[in-house]
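Trainee: My structure is below; once you've seen it, I'll send some questions.
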Amino acid sequence: MGNNQTFTKPHLGTCWSSVFAPKGPVKEPPPMFACLFVAALGLSGMLLSTRITEGGKFLYSAMFGYGISSFCFHWNLWEGFYRVLDVQLNFLQAINIVYMSCIPEEEHLCYKISSYLLIMFFSIYPFFAHVLGITLEQSWISWITFDGIWIFALIGLMIIWCLRDHLGTPGHPRRQAMFNLVWKTIISVILAYLFWILDEVVCVQHGNHSVAIVIFGHTLWHVFIGFGFYYMTTLIVFLRAQNLGVYPRVLAWPKCCIIFVVVQYE
């Protein structure tokens, strides 16, 4: 494996690389800094969310790992890091969906069976999707499995929104603000995809090299996908408090319109 150049060969990169064709040690600076922001979000959630469960910390740490791996990819454009990112994104989706499925405490046999099947499916699908995409040399397989799985995440978020009167800590002063994270997650993911399309389709495939797209296209993809995963994870941490019998203290900045929020168990 040490002589195998598959993982260290250069990847084509993003719109930035198609315009500047970087030759130095640092390939794509703007996306690099955006990835550090994503890593900082995950690290902040892990360190500031005191007394939460190990599962909640794991969700934040997985996000931190994605940010660091993405940073390394945009730093050197190694093919290996690019392949790992697919698995990490799929894995982030999977564990968030699994945790969302465990929030409603239903005793119906049908619900329990479907919940178990969901857990088993999402425990293996990221790795199978990645292997199939590489083996068959069809990148669209990985894209479909990542893009298509958002349907499950959307269903989970909509179930939480529809059941909001029965979920969460009753009488909590930040209750509605936390349920609004459902829509902030959805909006963040939609914006992330819009900027990804600008970068990959408009710039790379169709040659539109406008300054705004080159600088902000892939950069804002990372920023908004990071916010999407962060909001989804924080909502899960908040809702799990009721099941655990603890009170979730919510710290939010700014108070007028929540952008950054932390949940601490008391």
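Any read-out appearing in this document is the output of simple, stated calculations on the displayed coordinates, not a laboratory observation. The structure displayed is predicted, hence computed values, not measured ones. Every residue, glycine among them, receives a Cβ derived from its backbone with ideal geometry; neighbour counts consider all protein chains shown.
Trainee: What angle, in degrees between 0 and 90 and rounded to the nearest 10, separates the Cα long axis of helix 79-101 from the longest principal axis of the Cα atoms of the chain?
Mentor: 10 degrees
Trainee: Relative to the longest principal axis of the chain, what angle (0 to 90°, nearest 10) does the C-alpha long axis of helix 109-135 take?
Mentor: 10 degrees
Trainee: How much length is gained if the chain between Val202 and Ala40 is pulled fully straight, taking 0.36 nm per residue apart and subtracting their Cα-Cα distance, in nm to one decimal?
Mentor: My answer for the length gained is 55.4 nm.
Trainee: Can I ask one more? Order by neighbour count: Cys110, Cys72, Cys15, Cys203, fewest other Cβ atoms within 10 Å first, most last.
Mentor: Cys110, Cys72, Cys203, Cys15
Trainee: Compute a Gaussian network model of the chain, connecting alpha carbons closer than 10 Å, and tell me which residue from Ala177, Ala129, Ala212 fluctuates the most.
Mentor: Ala212
Trainee: Would region 224-266 count as rounded, prolate or oblate if I go by the C-alpha gyration tensor, calling it rounded below 1.5 in a/c and otherwise prolate when a/b exceeds b/c, oblate otherwise?
Mentor: Verdict is oblate for region 224-266.
Trainee: I would also like to ask the following. Checking the cross-link filter: which lysines have an alpha carbon closer than 27 Å to that of Lys112, excluding same-chain neighbours under 8 positions apart?
Mentor: Answer for Lys112, where 27 Å is the Cα cut-off: Lys57, listed by chain and number.
Trainee: Add -39500 (n - 2.57) for each DSSP H run of 4 or more in the chain, then divide by its residues: what number comes out at 222 nm, to the nearest 500 deg cm²/dmol? Let's see the in-between values first.
Mentor: Working: 9 runs with 179 residues, N = 266.
Roughly -23000 deg cm²/dmol at 222 nm, from the helical runs in the chain.
Trainee: Between Thr135 and Lys23, what length comes free when the chain is fully extended (0.36 nm per residue of separation minus the Cα-Cα distance, one decimal in nm)?
Mentor: Roughly 37.3 nm would be gained on extension.
Trainee: Compute the Cα gyration tensor for the chain, then decide on rounded, prolate or oblate, letting a ≥ b ≥ c be the square roots of its eigenvalues: rounded whenever a/c is under 1.5, prolate when a/b is larger than b/c in the other cases, and oblate in all that remain.
Mentor: It comes out prolate by the Cα gyration axes.
Trainee: For a paramagnetic label modelled at 7 Å from the Cα of Gln176 toward its Cβ, which residues of region 216-250 fall within the zone defined by backbone nitrogen distances under 18 Å?
Mentor: Once the point is set 7 Å along Cα→Cβ of Gln176, 250 turn out to lie under 18 Å by backbone N, inside region 216-250.
Trainee: Any chance you could run the full-extension gain for Arg249 through Ser210? It's 0.36 nm times the residue separation minus the Cα-Cα distance, nm to one decimal.
Mentor: Taking Arg249 through Ser210 to full extension adds about 9.6 nm, to one decimal.
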